[in-house]
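The values are calculated or read from the model by the stated rules, or taken from the named source; none is laboratory data. Since this is a predicted model, take the numbers as computed values, not measurements. Here Cβ is always computed from backbone atoms with ideal geometry, including for glycine, and neighbour counts include all displayed protein chains. What goes into the accessible areas is simple: the full protein's heavy atoms, side chains included, and nothing from ligands, DNA or RNA. Shrake-Rupley method; radii C 1.70, N 1.55, O 1.52, S 1.80 Å.
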Amino acid sequence: TVHRDSEFPAQETGSGQRVLGIMVNEPENRHINYERNPLKGINELVQIMNVTEDCLASVKVPTLVIQASKDPIVDPESGHQIFEQISSPYKELIMLERSRHGIVNGEGCDDVFSHVHHFLGRAPAHGIMVSATAELAGKLG
């Protein structure tokens, strides 16, 4: 829900910009997620998602994509889309039967960690983080 009334007045950011509107959020994990998100922050998230999508075809390192099959926040089809766009010859897609977004904590998180552990044990050795991080930093630069 987007609010633009007196309950959520325009706010000034540290850089002097005014943020109009706040999206109210009911997070799964209140201890780590915000209950109110400025629309400017949501816009920035969309921008980085677009930049990341543009980089997927250049990912040539071993890649593991894990997605909840009934994620209420992110369309589960996005896991398939990411997997298809990555050009790495060594990639895996794991769809977990989950109906929540936060799959790395709470019930079933050990399954996620197990999949990651086994993938890392099987994946060919590469300079994974160095090349991927440098390319993404260049795109955002």
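Residues that are outside any loop (DSSP other than H, G, I, E, B), aliphatic (A, V, I, L, M), open to solvent by 30 Å² or more (accessible area, probe 1.4 Å) and in contact with a Ser or Thr (Cβ under 8 Å, 6 or more places away or on another chain) do not occur anywhere in region 74-93.
Between a residue in region 90-116 that is in contact (Cβ under 8 Å) with a residue 60 or more places away in the chain and farther than 8 Å from ILE66 by Cβ and any residue that is open to solvent by less than 80 Å² (accessible area, probe 1.4 Å) and in a strand (DSSP E or B), which pairs come within a Cβ distance under 7 Å, given they are 6 or more apart or on different chains? Short answer, once both residue conditions are applied: ARG100/ALA68; HIS101/ALA68. Looking at region 53-60, is at least one residue assigned to a loop (DSSP other than H, G, I, E, B), closer than 24 Å to PRO124 by Cβ and either open to solvent by 70 Å² or more (accessible area, probe 1.4 Å) or modelled with pLDDT under 90 (or both)? Looking for residues that are assigned to a loop (DSSP other than H, G, I, E, B), closer than 24 Å to PRO124 by Cβ and either open to solvent by 70 Å² or more (accessible area, probe 1.4 Å) or modelled with pLDDT under 90 (or both), one finds at least one in region 53-60, hence yes.
Among the residues making up region 94-112, a single one is within 17 Å of the chain's Cα centre (by Cα), exposed (fewer than 14 other Cβ atoms within 10 Å of the Cβ) and outside any loop (DSSP other than H, G, I, E, B): CYS109.
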